[in-house]
Amino acid sequence: MQDAAERAVVRAIDKMRNNLSEQLTVDDMARAAMFSKFHFTRIFQRVTGVSPGRFLSAIRLQEAKRLLVTTNLNVTDISLRVGYNSVGTFSTRFTKSVGLPPTTYRRMGGYTGRIATQQVSTGSATVCGRVTVDSHGSPPGLIFMGLFQHRIPEGLPIRCAILDTPGHFRFTNVPDGTWYLLCHAMSGEVFRLQPKNVMVATVGPLVVRGRQRYDVDAQLKPVSKLDPPVLLALLDTRKAAFERQYTASSTQAIAA
């Protein structure tokens with residue numbers, strides 16, 4: 001059951017989602033949450049892990065992703081619908097966060113062929129552990145996981161992997177820095193999903209230094225309104241699963 005703070009944050013998030021084309025201020029969100037402006041900002045950050053403004057920007061881009069795939073609206077109209085007065089600013093922000101320009105994202109149907117990683121200097125740390133599932137069920141599909149600079153899964157991760165099932169993972173040569181381990185699993189069409197078909201997990205911030213080993217566990221749980229959207233363009237899990245099965249079959253054939 002949600003506590004008073006979480007219910008207040010949900011009211012603010014509903015306000016955001018219902019007014020994406022408007023220039024909402026922190027005062028507007030605080031009024032919806034029925035908190036003072038400064039108290040609201042602290043509570044929102046504590047509950048979601050990000051600031052109100054950052055969360056609003058994320059759900060605007062999430063809606064833009066949906067509109068690009070499910071409508072014939074042009075990019076200019078979509079940018080206006082999600083609160084951007086400049087299509088250039090919108091396209092730049094979208095590309096940086098999602099990993100693809102809006103027109104490319106539309107052409108690829110909301111998916112990407114591969115997820116690259118940041119070209120950062122190689123480190124010497126190891127981040128490893130287990131991905132588990134909460135008591136409400138099992139993950140609906142392949143599990144994508146990555147190390148990101150921010151609480152919201154956007155841009156390029158410094159390391160990433162795909163798990164077929166919950167279990168152990170290991171990232172090596174992780175560079176120094178502060179990172180978030182973010183996991184995401186889903187089934188079905190990415191813009192026609194029910195919350196029960198999406199699971200997420202977040203661990204962090206992880207402050208990585210030197211040649212140390214960091215053991216972390218991530219527990220997948222059903223996504224909620226309080227979870228920041230996944231902005232990074234996702235792999236087509238069906239295609240990825242097929243390619244993994246094909247690779248495994250080919251390996252077995254060669255071994256035989």
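The values are calculated or read from the model by the stated rules, or taken from the named source; none is laboratory data. Source: prediction; values computed, not measured. In this analysis, Cβ positions are derived from the backbone assuming ideal geometry, glycine residues included, and neighbour counts consider all displayed protein chains. For the accessible areas, the whole protein counts, side chains as well, though only heavy atoms, and no ligand, DNA or RNA atoms are used. Shrake-Rupley method; radii C 1.70, N 1.55, O 1.52, S 1.80 Å.
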Q: List every residue pair whose Cβ atoms sit under 7 Å apart, with the two residues 6 or more apart in sequence or on different chains, where the first one lies in segment 122-147 and is among the basic types (Lys, Arg) and the second, anywhere, is at pLDDT 90 or above and open to solvent by 20 Å² or more (accessible area, probe 1.4 Å).
A: Arg130/His168; Arg130/Asp217
Q.
Quick check on segment 63-75. Is at least one of its residues part of a helix (DSSP H, G or I) and within 18 Å of Asp28 (Cβ to Cβ)?
A. yes
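When the residues of segment 202-237 are narrowed to those that are in a loop (DSSP other than H, G, I, E, B) and among the small types (Gly, Ala, Ser), which ends up least open to solvent (accessible area, probe 1.4 Å)? Spell out the reasoning first.
Initially, segment 202-237 is screened for residues in a loop (DSSP other than H, G, I, E, B), giving 209-212, 223-233, 236.
Then keep just the ones that are among the small types (Gly, Ala, Ser); that gives 210, 224, 233.
On the way: Gly210: 30, Ser224: 52, Ala233: 3 Å².
Step by step, filter segment 202-237, then rank; the result is Ala233.
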Q) From the set of residues in segment 3-21 that are modelled with pLDDT of 90 or more and among the charged types (D, E, K, R), which is nearest to Ser57 (Cα to Cα)? A) Arg17
**Q.** Among (1) over 18 Å from the mean Cα position of the chain (by Cα); (2) free of Cβ contacts under 8 Å to residues at least 24 places away in the same chain - the single one Ile43 does not satisfy
**A.** (2)
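Residues checked against (1) at pLDDT 95 or above; (2) open to solvent by 50 Å² or more (accessible area, probe 1.4 Å); (3) of a type in the set (Lys, Arg):
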position: Ala33; (1), (2), (3): no, no, no
position: Lys37; (1), (2), (3): no, yes, yes
position: Val50; (1), (2), (3): no, no, no
position: Asp77; (1), (2), (3): yes, yes, no
position: Ser91; (1), (2), (3): yes, no, no
position: Lys96; (1), (2), (3): no, yes, yes
position: Gly99; (1), (2), (3): no, no, no
position: Tyr105; (1), (2), (3): no, no, no
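Please go through segment 167-199 and pick out each residue that is at pLDDT 90 or above and assigned to a loop (DSSP other than H, G, I, E, B).
Matches in segment 167-199: Pro175, Asp176.
Against the definition (under 27 Å from Val9 (Cβ atoms) and part of a helix (DSSP H, G or I)), how does Arg106 come out, yes or no? It would help to see each step written out before you state the result.
On the way: under 27 Å from Val9 (Cβ atoms): no; part of a helix (DSSP H, G or I): yes.
Judged against the criteria, Arg106 is not a match.
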